[in-house]
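Undergrad: If you scroll down you'll find the structure; I have some questions about it.
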Amino acid sequence: MRINRRNFLIGTAASCAALAGASTAQSATRPLPILPMSDLTNGFEDRIALKLAASSHDFGTGAASSTFGINNSYLGPVLRVKQGQTLPFDVTNQIGDFSTIHWHGLHIPGDVDGGPHQLIQLGATWSPDVPIVQRASMSWFHSHAHGKTAQQVYKGLAGVMLIEDDASLSADLPKTYGVDDFTLVLQDKTFTDAGALDYTLTETALEDGFMGEALVINGAIAPVAQTVPKGLVRLRILNACNANFLTLSMATGPLNVIASDGGFLGATVQTDTLFMSPGERYEILVDMRQVDINQLIVTHGLPELGGIKGIMRELLSDGEAVVAALTLNRNDKVGFDGSVPNTLANLSVPDPSKATVTRSFELEQETGADLAALAAVGDNYCGDHSAMFINGKPMDIDRIDETVRKGDTEIWRISVDDFRHPFHVHGCSFRILSQENAEPPAYAQGWKDMVHVDGNQWSEVLVRFDYDAPADAPYMYHCHILEHEDCGMMGQFTVT
Ligand SMILES: [Cu+2]
């Protein structure tokens, strides 16, 4: 039956008002939570303990949600570290299930990468010595326990690592943590009527990945607000959603983008909108001398809903939410008074003629598979992980898919069937040669470890691997929609 839109609106005015009321109740502005920061840049005395544990956390609904945290009730600390250090971690797992911690974005050997082969059994401690060799950049760390990654990251097993180097420490940029330098972890969550965190996988969620109804920043439901001094303000932003692509803009003025996944851009890029896939990081500068107030606006997809809720959603929002996610209110204190830099770093022009090997990766979903039924019979959320493939094969932890020679420059060409997927490669940063059949946006032309590709298109990256990943500790390449990764859209490669 087709519903006549006008009659439908008249007939359901009361329920529309009720729904609007419900969303208003959720939109009270909260203070921006500042994630606890461990500054290790001046050294550390002992091994660095990270404890993964079950906890409870109030996202702002007034109810306690069952969560996981890393030295914290939800998410982990922000680790501020420096190039040249070797970080001796003791990662202890007390979440009640097996887990791992993968260092996303780090140029490190396979045996300390924290992928599915470095399982941390319940009660065990994993003690990798992690060398920080790369330039300043925003990396992160999260669970990579195959088949459980999506649910463990959703519940909170993720944290941020801010790598500094001599250039970044002396750069003329805001760098006072929690004052003019903020780390923002953006996620989307769904809550039950009682206000508890909800992760229910419907067939749609398994196909598209889990999409949450509410935007959450550093563990608090948006909108959030922060008072800042009169000056430049730096926002280091991570899209840590399981599956949602986010579009960012400012209420006033453009975004000044200074860094991407792997470090500073060659020069500041001004853009009206910034499109971020799950797993991507960008740093931006906001000039709070020009305005008393500015807002970071985030547009994100909403989950498909059935019944009356779904119909209302379609009528009211076209399936997207636009959130004035973070309000910056200026006070009278004088802050960082420098200008937005033009030149940031010396970036070479990527030269594809240096590539000696080209590899192709086609990401596919078995759209006919009964994913909900698979989930019901399996001991994880995707049955036997066999509904999604790369090059026709679902992830198999006992199969090496590609063997790469250390130091070779390669072109990796990624294509997909009919859905937009974000592709991540471990152990490296790469340069994007083309994204979705086109030149990438200027803000994506620096060092990256994420590239996305939409239906019937392809993307190409230029990549080189400089560290060892043997057959018993291979690197992963995978879709960063975590439900797709868990369902098999992942492969393994060695570097020797
Ligand atoms: Cu995917």
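What follows is calculated from the coordinates using simple rules that are stated; it is not laboratory data. Since we're looking at a predicted model, the values are computed, not measured. Cβ sites come from the backbone with ideal geometry, for glycine too, and all protein chains shown count toward neighbours.
Undergrad: Quote to one decimal, in nm, the extra length available between residue 37 and residue 420 on full extension: 0.36 nm per residue of separation minus the C-alpha distance between them.
TA: 134.5 nm
Undergrad: Quick check: the distance between the Cα centres of region 262-307 and region 401-463, to the nearest angstrom?
TA: Their Cα centres are 21 Å away from one another.
Undergrad: Using the 10 angstrom Cβ neighbour count as an exposure proxy, how do 163, 120, 481 rank, fewest first?
TA: Least crowded to most crowded, the residues run 120, 163, 481.
Undergrad: Less than 12 Å Cβ to Cβ from residue 282, Lys/Arg counted +1 and Asp/Glu -1: what total charge do the surrounding residues give?
TA: Computed value for this residue: +1.
Undergrad: What residue among 279, 99, 428 has its Cα farthest toward the positive end of the dipole of the chain, where the charges are +1 on Lys, Arg and -1 on Asp, Glu, each on the Cβ?
TA: 279
Undergrad: Give me the Debye-computed log₁₀ of I(q)/I(0) at q = 0.11 Å⁻¹ for the chain, equal point scatterers on Cα only, no solvent, two decimals.
TA: -0.92
Undergrad: Rounded to the nearest 500 deg cm²/dmol, what is the calculated helix-only ellipticity per residue at 222 nm for the chain, with -39500 (n - 2.57) per DSSP H run of length n ≥ 4?
TA: So the calculated ellipticity at 222 nm is -3000 deg cm²/dmol.
Undergrad: Once you charge only the Cβ atoms, +1 for Lys and Arg and -1 for Asp and Glu, what is the size of the charge dipole of the chain about its Cα centre, to the nearest 20 debye?
TA: So the magnitude is around 1240 debye.
Undergrad: Considering amide H positions built from the backbone, and no H for Pro or chain starts, which residues 5 or more places from residue 48, or on another chain, come under 5 Å of its amide H?
TA: Amide H neighbours of residue 48, under 5 Å, 5+ apart: 89, 90.
Undergrad: In square nanometres, what is one fourth of the surface area of the convex hull spanned by the alpha carbons of region 116-208?
TA: 9.9 nm²
Undergrad: Any idea what % of Cα-Cα pairs in region 74-233 are farther than 18 Å?
TA: Percent of Cα pairs beyond 18 Å in region 74-233: 66.
Undergrad: In addition: Compute the signed sum of charges (Lys and Arg +1, Asp and Glu -1) over the other residues within less than 11 Å, Cβ to Cβ, of residue 252.
TA: Net local charge, residue 252 excluded: -2.
Undergrad: Express in whole angstrom the spacing between the alpha-carbon centres of region 36-69 and region 163-218.
TA: Each part's Cα centre sits 14 Å from the other's.
Undergrad: Using every pair of alpha-carbon atoms in region 388-462, split the distances into 5 Å bins beginning at 0 and state the percent of pairs per bin, rounded to integers.
TA: Spelled out bin by bin, region 388-462 gives 3, 14, 24, 25, 19, 11, 3, 0 percent.
Undergrad: Let me spell out the model: positive unit charges on the Cβ of Lys and Arg, negative unit charges on the Cβ of Asp and Glu, origin at the Cα centre of region 352-495. What dipole size does that give, in debye rounded to 20?
TA: Taking the Cα centre of region 352-495 as origin, the dipole is about 740 debye.
Undergrad: Something else now. Which order do the peptides 188-201, 130-143, 221-234 come out in when sorted by mean C-beta neighbours inside 10 angstrom, highest first?
TA: Those peptides, ordered most packed to least, come out 130-143, 221-234, 188-201.
Undergrad: Shifting gears a bit: Report the semi-axes of the equivalent ellipsoid for region 181-334 in whole Å, largest first, where each axis is √(5λ) for an eigenvalue λ of the Cα gyration tensor.
TA: 30, 17, 14
Undergrad: Another question, if that's okay. Using the per-residue mean of other Cβ atoms lying within 10 Å as a proxy for protection, in what order, highest first, do the peptides 338-347, 102-111 fall?
TA: 102-111, 338-347
Undergrad: Also: Among 492, 118, 244, pick out the residue whose Cα is farthest towards the positive end of the charge dipole of the chain, where Lys and Arg carry +1 and Asp and Glu carry -1 on C-beta, about the Cα centre.
TA: 244
Undergrad: Another question, then. Between residue 340 and residue 413, take the C-beta separation as r, use R0 = 35 Å, and let me know the FRET efficiency to the nearest 0.05.
TA: Approximately 0.50, to the nearest 0.05.
Undergrad: Mind ordering 42-48, 173-179, 440-446 by average Cβ neighbours within 10 Å, highest first?
TA: Sorting 42-48, 173-179, 440-446 by mean packing, highest first, produces 440-446, 173-179, 42-48.
Undergrad: Among the DSSP beta bridges whose two residues both lie in the chain, what percent are antiparallel, rounded to the nearest 5?
TA: Counting only bridges with both partners in the chain, antiparallel ones make up about 70 percent.
Undergrad: What order do you get for 426, 146 when you list them from fewest to most C-beta neighbours inside 10 Å?
TA: 146, 426
Undergrad: Here's a follow-up. Can you list the HN-Hα couplings for region 337-342, worked out from phi with the Karplus curve (6.51, -1.76, 1.60; θ = phi - 60°), rounded to whole Hz and with x for Gly and Pro?
TA: Coupling constants for region 337-342: 9, x, 9, 5, x, 8 Hz.
Undergrad: What ranking of 357, 216, 334 emerges when the number of other C-beta atoms within 10 Å of each C-beta is taken as an exposure proxy, fewest first?
TA: Fewest to most other Cβ atoms nearby, the residues stand as 334, 357, 216.
Undergrad: Whole Å is fine, so just give me how far the alpha carbon centre of region 328-364 lies from that of region 77-135.
TA: 25 Å
Undergrad: Please quote Rg/Rh for region 239-280 to two decimal places, taking the Kirkwood radius as Rh and restricting both calculations to Cα atoms.
TA: That ratio is 0.99, to two decimals.
Undergrad: Once the other residues with Cβ under 14 Å from the Cβ of residue 96 are scored (Lys, Arg +1; Asp, Glu -1), what is the net sum?
TA: Value of the local net charge: +2.
Undergrad: Say the dipole of the chain comes from +1 at the beta carbon of Lys and Arg and -1 at that of Asp and Glu; which of 157, 357, 191 then lies farthest toward its positive end?
TA: Working it through, the farthest residue towards the positive pole turns out to be 191.
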